[in-house]
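**Student:** Sharing a structure below in structure tokens format, with a few things to ask.
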Amino acid sequence: MTSAYVESSLTALADALAAKAISSVELTKLFLDRIERLNPVLNAFITLDRDRTLSMALAADARRAAGENGPLLGIPLAHKDIYCTQGWLTTCGSKILSNFVSPYDAHVVEQLKQAGMVTLGKCNMDEFAMGSSNESSYYGPVKNPWDIRRIPGGSSGGSAAAVAARLAPVATGTDTGGSIRQPAAMCGLTGIKPTYGVVSRYGMIAFASSLDQGGPMAKSAQDCALLLNAMAGFDGRDSTSLDRQAEDYTRDLAQPLAGLRIGLPREFFAAGMSDDVRAAIDAALAEYRRLGATLVDISLPNSGLAVPAYYVIAPAEASSNLSRFDGVRYGYRAPDYLDLADMYCKTRSQGFGAEVKRRILIGTYVLSHGYYDAYYLQAQKVRRLIADDFREVFKQCDVIAGPTAPNVAFELGAKSEDPVQMYLSDIYTIPASLAGLPCMSLPCGFGAGNMPVGLQLIGNYFDEARMLRTAHGYQQVTDWHLHMPEGL
Amino acid sequence: MQWEIVIGLETHAQLQTQSKIFSGASTAFGAAPNVQACAVDLALPGVLPVLNKAAVACAIRFGLAVNATIAPRSVFARKNYFYPDLPKGYQISQFELPVVKGGELTLLVAAGKPGEQPYEKTVHLTRAHLEEDAGKSLHEDFHGKTGIDLNRAGTPLLEIVTEPDMCSAAEAVAYAKALHALVRWIGICDGNMQEGSFRCDANVSVRRPGAPLGTRREIKNLNSFRFMQQAIDYEVHWQINEIEDGRAIQQATVLFDPATGTTRAMRSKEDAQDYRYFPDPDLLPLEISSAWIAETRASMPELPSEMKARFERDYGLSAYDATTLTASRETAGYFEECVAAAGKSNAKLCANWVMGELAARLNEADLGVAASPVSSSQLAGMVARIADKTISSKIAKDVFEALWNQAGPDADNIIEAKGLRQITDTGAIEKLIDEVLAANPKSVEEYRAGKDKAFNALVGQAMKATKGKANPQQVNELLRKKLAG
């Protein structure tokens with residue numbers, strides 16, 4: 001029998017813990033037992049450490065006994081394996097870090113520990129967050145809890161599957177070009193990528209530094225807001241972290257949506273979106289109209305250039321970021337080699353998977369002498385044009401809405417042979433990433449194969465609270481976010 | 001046939017900051033391997049660089065000292081290459097937009113051969129940029145393996161690049177010495193060449209007068225001025241021979257071997273790497289406000305060039321003296337204290353003693369001027385006694401020796417105790433001269449017969465009789481008078 005607690009919201013869990021209806025240890029065990037039963041099917045976790053997890057829960061209970069009472073104290077969560085966690089294997093989904101036990105905690109991990117959260121384990125992901133299907137993980141693909149023949153999305157696919165299957169109440173993810181939003185859409189979750197610079201990247205293994213941003217993945221906008229409260233904040237160890245006053249992302253949730261101007265980018269509703277997704281999105285927009293919002297037709301004329309620009313900038317940064325994985329100081333090293341060059345060559349050939357190698361090659365190429373101006377500089381110019389487009393449309397609307405992905409989750413293996421098709425899964429998520437804007441996905445119905453469909457919202461810089469309120473208002477009158485995969 | 005030599009220098013000056021340029025680890029020299037390498041220096045997954053403002057402050061000081069432009073906005077870029085002592089697989093440096101642009105350094109090139117005159121030379125700077133140092137690969141002691149020490153990884157460096165302005169090894173060495181003095185003067189680098197705090201690469205080429213620039217070879221890691229001189233001289237000689245023998249120079253990086261005194265190619269242009277520079281997305285552009293520059297300017301010491309000009313103007317010193325005295329802040333400071341105590345009119349005398357006897361003795365004893373056993377006020381006291389003719393310059397050497405050996409608290413004490421006071425009493429000297437004339441009739445006769453040499457012999461006898469304490473000028477005058485009379 002499934003305990004009601006595995007479906008509870010964070011506020012309900014906090015209340016139960018505060019009322020001593022359940023202890024952190026008991027709650028944690030519920031999830032650990034569920035993980036034990038379901039993870040062999042879903043492959044959502046790479047690393048589990050029951051003893052370590054329970055000792056954290058025990059510590060949380062002790063803190064509560066000592067009088068502490070934070071909103072996240074004693075609540076378990078799962079971390080994407082991109083976050084360095086002291087004493088835990090931290091693989092980033094790669095063979096090259098298959099033996100790397102982090103000696104330190106990422107800023108996000110530190111903050112959540114401080115809040116008293118309990119780490120359930122480290123979630124599977126596309127290798128170095130490069131992928132949209134979780135099939136590039138060295139630790140095998142994650143299965144979508146709604147249909148285990150299908151992909152959960154990526155790269156935060158393990159985090160998405162874990163929360164969707166109620167193996168964890170919430171999870172951390174990271175988003176470079178859609179890695180929180182797209183799996184959230186595929187798995188029927190709510191996930192938010194904050195404004196670039198809101199969440200510290202310290203200890204988050206870098207894929208593309210100018211785009212990477214951590215964020216929460218949860219069942220509802222309210223849970224996302226609560227978790228984001230603890231994840232966000234200035235960190236002097238990340239030079240791109242923004243030194244702003246801390247804010248409460250739940251503060252505007254209860255505000256009505258009447259009068260809200262929702263922009264609908266023409267380009268997002270053109271050909272490319274499948275009919276089932278379109279139907280669910282249209283229905284969601286109708287719901288917003290009923291809630292008193294105004295729908296505004298807007299245009300992001302350069303958004304068509306986003307995917308090509310992204311596939312220059314992100315691989316360029318990645319090709320350099322991944323140079324440190326050289327077999328010299330930590331991580332995997334090839335067992336046999338002739339000399340230094342051979343050691344590098346074999347270590348990296350054996351340690352990285354195909355998708356990572358592809359992106360290192362693309363990135364190396366576009367930064368090469370003679371190609372830099374034509375590719376990298378050009379892509380940076382396109383990036384600025386895209387950001388300018390957004391700046392313009394936010395004069396006409398408060399928040400932007402559209403699909404998160406063109407299709408529902410596809411079957412495992414369906415696109416793994418065609419990288420370009422795979423890259424196009426992120427056609428709607430990449431523009432906001434390039435602009436550094438806050439954006440999120442929330443469930444808005446079901447499409448083909450009874451698979452979840454995600455609605456994407458994009459807010460203006462630092463306008464997370466309003467975007468979350470837009471999602472929350474919708475979730476107050478719909479129950480898509482409360483659906484749970486059957487048969488688990 | 002005539003050849004022109006063209007030299008440009010790139011200097012890496014290690015900046016005197018407490019911590020590294022992008023991490024909080026210490027930069028102190030000599031610790032056990034890898035104990036001063038933190039997570040950032042080790043390039044653990046997930047770590048990020050944070051710029052040390054103290055390193056930027058050093059760059060600003062340098063820019064102001066060479067009258068360069070401090071870029072209001074400069075950019076850190078990644079220089080990508082694989083090497084075991086480069087933990088991230090890239091070096092954070094500056095490429096397109098360096099923090100310091102332009103600037104110049106004027107120096108005095110010493111005479112190379114007897115008969116030549118020292119001359120002033122202005123070397124123009126292309127740029128100076130901030131970057132991090134790599135670690136060290138240790139090939140000894142590891143039997144077929146290489147040890148990696150990352151203590152040095154992330155140490156802040158200022159790379160200072162000149163235009164190809166220098167025309168001889170002597171000019172290159174003079175520039176390097178002047179730069180070395182300057183970075184120490186403004187307190188941004190300790191200049192310790194043995195520890196690698198100040199190292200130079202020389203780009204050398206030769207050409208026929210009026211011809212376009214020849215192909216250059218870069219001599220790497222010159223860590224002493226003597227090696228720089230030898231390496232450039234050898235390289236120039238080698239290049240001229242190659243061309244005269246009909247072989248073209250290939251662009252290459254070469255190393256100087258002090259044991260053989262020769263340079264040898266390390267890698268050729270074909271092996272040149274594509275560093276794939278691009279702006280580091282982990283670091284924001286470096287913005288330097290005019291207020292920060294103004295604040296730094298206000299905290300700058302008087303620069304050696306300014307001080308040199310002042311010494312020439314106010315003290316009437318020659319360019320050579322002024323340059324020598326401003327070789328270090330310590331020497332200049334000592335000299336100024338000396339002048340302050342001895343009086344401005346005695347500046348030249350002070351300069352002579354500071355650059356002459358004092359410098360020689362300090363050099364012999366391998367002491368810095370700060371550790372001089374003779375203090376500036378002691379030297380000034382002695383100079384004052386030379387100036388007021390209490391002692392002669394010759395006797396002063398004995399006084400200086402006594403001061404050096406701490407034989408007395410000051411010159412006056414020593415002069416009194418040893419009875420070194422110059423005899424200036426005309427009567428006493430006349431009496432002495434009479435005695436000398438009486439005792440040396442032969443010399444007197446010779447002098448009167450027109451032999452000038454005999455006069456010198458008589459002066460010598462008179463001086464000897466006074467144990468050198470008579471004023472030689474006075475002796476001269478009185479002797480002539482007596483002989484004439």
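Matching residues to (1) free of Cβ contacts under 8 Å to residues at least 24 places away in the same chain; (2) over 25 Å from residue A:211 (Cβ atoms); (3) out of contact with any helix residue (DSSP H, G or I) (no Cβ under 7 Å at 6 or more places or on another chain); (4) surrounded by 21 or more Cβ atoms within 10 Å (Cβ to Cβ):
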| position | (1), (2), (3), (4) |
| --- | --- |
| A:325 | no, no, no, yes |
| A:349 | yes, yes, yes, no |
| A:359 | no, no, no, yes |
| A:382 | no, no, no, no |
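**Student:** While we're here: Are any residues in the stretch B:4-32 at negative phi, away from chain A (no Cβ under 13 Å) and not in a strand (DSSP E or B), and if so, which ones?
**Tutor:** Pass one, the stretch B:4-32, residues at negative phi: B:4-29, B:31-32.
Still in the list and also away from chain A (no Cβ under 13 Å): B:4-20, B:25-29, B:31-32.
Within the stretch B:4-32, B:15, B:16, B:17, B:18, B:20, B:25, B:27, B:28, B:29, B:31, B:32 qualify.
**Student:** Hey, can you tell me all the residues within the stretch A:336-347 that are more than 12 Å from chain B (Cβ to nearest Cβ) and crowded, with 17+ Cβ neighbours inside 10 Å?
**Tutor:** Within the stretch A:336-347, A:346 is the sole residue that qualifies.
**Student:** Here's something else I'd like to know. Sort through A:324, A:333 and tell me the only one that's touching a Pro at 6+ places or on another chain (Cβ under 7 Å), of a type in the set (Lys, Arg) and either closer than 22 Å to residue A:394 by Cα or within 14 Å of chain B (Cβ to nearest Cβ) (or both).
**Tutor:** On the way: A:333 fails: touching a Pro at 6+ places or on another chain (Cβ under 7 Å).
Unique residue meeting the criteria: A:324.
Yes/no per residue for (1) part of a helix (DSSP H, G or I); (2) among the acidic types (Asp, Glu):
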{"residue": "B:273", "(1), (2)": "no, no"}
{"residue": "B:276", "(1), (2)": "no, no"}
{"residue": "B:281", "(1), (2)": "no, no"}
{"residue": "B:292", "(1), (2)": "yes, no"}
{"residue": "B:336", "(1), (2)": "yes, yes"}
{"residue": "B:354", "(1), (2)": "yes, no"}
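**Student:** Additional query: Conditions: (1) out of contact with any Leu (no Cβ under 9 Å at 6 or more places or on another chain); (2) over 30 Å from residue B:105 (Cα atoms). Residue B:391 meets all but one. Number of the miss?
**Tutor:** (1)
**Student:** Also: Would you confirm whether or not the stretch A:363-385 contains a residue that is within 28 Å of the chain's Cα centre (by Cα) and under 21 Å from residue A:137 (Cα atoms)?
**Tutor:** Yes, there is a match, as at least one residue in the stretch A:363-385 is within 28 Å of the chain's Cα centre (by Cα) and under 21 Å from residue A:137 (Cα atoms).
**Student:** I would also like to ask the following. How about the stretch B:365-414: which of its residues are surrounded by fewer than 16 Cβ atoms within 10 Å (Cβ to Cβ), of a type in the set (A, V, I, L, M, F, W, C) and over 30 Å from the mean Cα position of the chain (by Cα)?
**Tutor:** Those that are surrounded by fewer than 16 Cβ atoms within 10 Å (Cβ to Cβ), of a type in the set (A, V, I, L, M, F, W, C) and over 30 Å from the mean Cα position of the chain (by Cα): B:387, B:407.
**Student:** For the stretch B:51-99, what are the residues that are assigned to a loop (DSSP other than H, G, I, E, B), within 14 Å of another protein chain (Cβ to nearest Cβ) and buried (at least 21 other Cβ atoms within 10 Å of the Cβ)?
**Tutor:** Residues satisfying the conditions are B:52, B:86, B:87, B:88, B:89.
**Student:** I've got another one for you. Which ones in the stretch B:444-458 are within 15 Å of residue B:484 (Cβ to Cβ), in a helix (DSSP H, G or I) and not charged (D, E, K, R)?
**Tutor:** Passing the criteria: B:444, B:447, B:454, B:455, B:458.
**Student:** Filter the stretch B:109-118 down to the residues that are touching a strand residue (DSSP E or B) at 6+ places or on another chain (Cβ under 6 Å) and either within 14 Å of another protein chain (Cβ to nearest Cβ) or surrounded by fewer than 20 Cβ atoms within 10 Å (Cβ to Cβ) (or both) and list them by number.
**Tutor:** If we filter the stretch B:109-118 for residues that are touching a strand residue (DSSP E or B) at 6+ places or on another chain (Cβ under 6 Å), which is where we start, we get B:109, B:118.
Scanning the stretch B:109-118 gives a single hit, B:118.
**Student:** Among the listed residues A:210, A:200, which satisfies the condition of being within 11 Å of another protein chain (Cβ to nearest Cβ), surrounded by fewer than 24 Cβ atoms within 10 Å (Cβ to Cβ) and in contact with a Ser or Thr (Cβ under 9 Å, 6 or more places away or on another chain)? Steps first, answer last, please.
**Tutor:** Values: A:200 fails: surrounded by fewer than 24 Cβ atoms within 10 Å (Cβ to Cβ).
Every option except A:210 fails the conditions.
**Student:** Separate question: Any chance the stretch A:50-70 includes a residue that's crowded, with 18+ Cβ neighbours inside 10 Å, farther than 20 Å from residue A:172 by Cβ and not polar (S, T, N, Q)?
**Tutor:** yes
**Student:** From the list B:307, B:266, exactly one residue is surrounded by 12 or more Cβ atoms within 10 Å (Cβ to Cβ), more than 14 Å from every other protein chain (Cβ to nearest Cβ), among the aliphatic types (A, V, I, L, M) and part of a helix (DSSP H, G or I). Which is it? Give the steps one after another, and end with the answer.
**Tutor:** Details: B:266 fails: part of a helix (DSSP H, G or I).
So the residue among B:307, B:266 that is surrounded by 12 or more Cβ atoms within 10 Å (Cβ to Cβ), more than 14 Å from every other protein chain (Cβ to nearest Cβ), among the aliphatic types (A, V, I, L, M) and part of a helix (DSSP H, G or I) is B:307.
**Student:** Also, I was wondering about something else. Any residue in the stretch A:277-299 that is surrounded by 21 or more Cβ atoms within 10 Å (Cβ to Cβ) and among the acidic types (Asp, Glu)?
**Tutor:** No, there is no match, as no residue in the stretch A:277-299 is surrounded by 21 or more Cβ atoms within 10 Å (Cβ to Cβ) and among the acidic types (Asp, Glu).
**Student:** Follow-up question, since we're still on this one. Read through the list (1) farther than 23 Å from residue A:422 by Cα; (2) aliphatic (A, V, I, L, M); (3) assigned to a helix (DSSP H, G or I), then give the number of the only condition that residue A:322 fails.
**Tutor:** (1) is the only condition that residue A:322 fails.
**Student:** Let me spell it out: the conditions are (1) in contact with a Gly (Cβ under 8 Å, 6 or more places away or on another chain); (2) surrounded by 14 or more Cβ atoms within 10 Å (Cβ to Cβ), and residue B:468 meets all of them except one. Which number is the exception?
**Tutor:** (1)
**Student:** Please verify whether the stretch A:297-308 includes one or more residues that are farther than 30 Å from residue A:260 by Cα, modelled with pLDDT of 95 or more and more than 9 Å from every other protein chain (Cβ to nearest Cβ). Steps first, answer last, please.
**Tutor:** Of all residues in the stretch A:297-308, those farther than 30 Å from residue A:260 by Cα come to A:308.
Next, from what is left, pick out any that are modelled with pLDDT of 95 or more: A:308.
Retained after the next criterion (residues that are more than 9 Å from every other protein chain (Cβ to nearest Cβ)): A:308.
Yes, because at least one residue in the stretch A:297-308 is farther than 30 Å from residue A:260 by Cα, modelled with pLDDT of 95 or more and more than 9 Å from every other protein chain (Cβ to nearest Cβ).
**Student:** Which number in (1) acidic (Asp, Glu); (2) in contact (Cβ under 8 Å) with a residue 60 or more places away in the chain; (3) away from chain B (no Cβ under 14 Å) marks the one condition that residue A:267 misses?
**Tutor:** Result: residue A:267 passes all but (2).
**Student:** Please determine whether any residue of the stretch A:348-371 is of a type in the set (Ser, Thr, Tyr), assigned to a helix (DSSP H, G or I), within 14 Å of another protein chain (Cβ to nearest Cβ) and farther than 30 Å from residue A:97 by Cα.
**Tutor:** no
**Student:** Would you check which residues across the stretch A:7-28 are in a helix (DSSP H, G or I), under 25 Å from the mean Cα position of the chain (by Cα) and crowded, with 19+ Cβ neighbours inside 10 Å and list them?
**Tutor:** A:10, A:13, A:14, A:27, A:28
Every residue, every condition in (1) at pLDDT below 95; (2) surrounded by fewer than 24 Cβ atoms within 10 Å (Cβ to Cβ); (3) among the aromatic types (Phe, Trp, Tyr), yes or no:
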site	(1), (2), (3)
A:422	yes, yes, no
A:433	no, no, no
A:440	no, no, no
A:446	no, yes, yes
A:458	no, no, no
A:462	no, yes, yes
A:470	no, no, no
A:478	no, yes, no
A:487	yes, yes, no
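**Student:** Quick check on residue B:378: is it within 30 Å of residue B:332 (Cβ to Cβ) and in a helix (DSSP H, G or I)?
**Tutor:** Working: within 30 Å of residue B:332 (Cβ to Cβ): yes; in a helix (DSSP H, G or I): yes.
Criteria met by residue B:378.
**Student:** Within the stretch B:318-333, can one find any residue that is part of a helix (DSSP H, G or I), among the polar types (S, T, N, Q) and surrounded by fewer than 19 Cβ atoms within 10 Å (Cβ to Cβ)?
**Tutor:** Looking only at the stretch B:318-333, we keep the residues that are part of a helix (DSSP H, G or I), and these are B:319-325, B:329-333.
Next, only the ones that are among the polar types (S, T, N, Q) stay: B:323-324, B:331.
After this cut, where a residue has to be surrounded by fewer than 19 Cβ atoms within 10 Å (Cβ to Cβ) as well, the list is none.
No - not one qualifying residue is present in the stretch B:318-333.
The values are calculated or read from the model by the stated rules, or taken from the named source; none is laboratory data. Computed from a predicted model, the values in this text were never measured in an experiment. We place every Cβ from the backbone using ideal geometry, glycine too, and count neighbours over all the protein chains shown.
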